[in-house]
Amino acid sequence: MKDICNFLFTTPSLDKTKIGEYIGENTDLNKAVMYHHIDSFDFRGVGYIESMKRMLATLRLPGEG
């Protein structure tokens, strides 16, 4: 799971929309990758809006997101 997360978020040629679709799928592995990615951020001392901007800069949410 950690390796998948690292691959998804360190490979610049990957489409951010596809990454968002992948981590949004309702499987245990995809959820684990999503949680690992979110847990990798350090949001201490950062406001809610800035935190969301930082996280969402790494992927694109699906249309219904």
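The values are calculated or read from the model by the stated rules, or taken from the named source; none is laboratory data. Note that the structure is a prediction, hence the values are computed from the model and not measured. Neighbour counts are summed over all protein chains in view; Cβ atoms, including those assigned to glycine, are modelled from backbone coordinates with ideal geometry. Heads up: the accessible areas ignore ligands, DNA and RNA and are worked out on the full protein's heavy atoms, side chains in. Shrake-Rupley method; radii C 1.70, N 1.55, O 1.52, S 1.80 Å.
For region 30-38, the count of residues that are of a type in the set (Phe, Trp, Tyr) and in contact (Cβ under 8 Å) with a residue 40 or more places away in the chain is zero.
Rundown of residues vs (1) more than 13 Å from the chain's Cα centre (by Cα); (2) modelled with pLDDT of 95 or more, yes/no style:
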position: 17; (1), (2): no, no
position: 24; (1), (2): no, no
position: 28; (1), (2): yes, yes
position: 46; (1), (2): yes, yes
position: 50; (1), (2): yes, yes
position: 57; (1), (2): no, no
position: 60; (1), (2): no, no
position: 63; (1), (2): yes, no
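In region 20-40, of all residues being assigned to a helix (DSSP H, G or I) and touching a Pro at 6+ places or on another chain (Cβ under 7 Å), the one that is least open to solvent (accessible area, probe 1.4 Å) corresponds to 20.
Looking only at residues in region 41-65 that are among the aliphatic types (A, V, I, L, M) and not in a loop (DSSP other than H, G, I, E, B), the one that is least open to solvent (accessible area, probe 1.4 Å) is 55.
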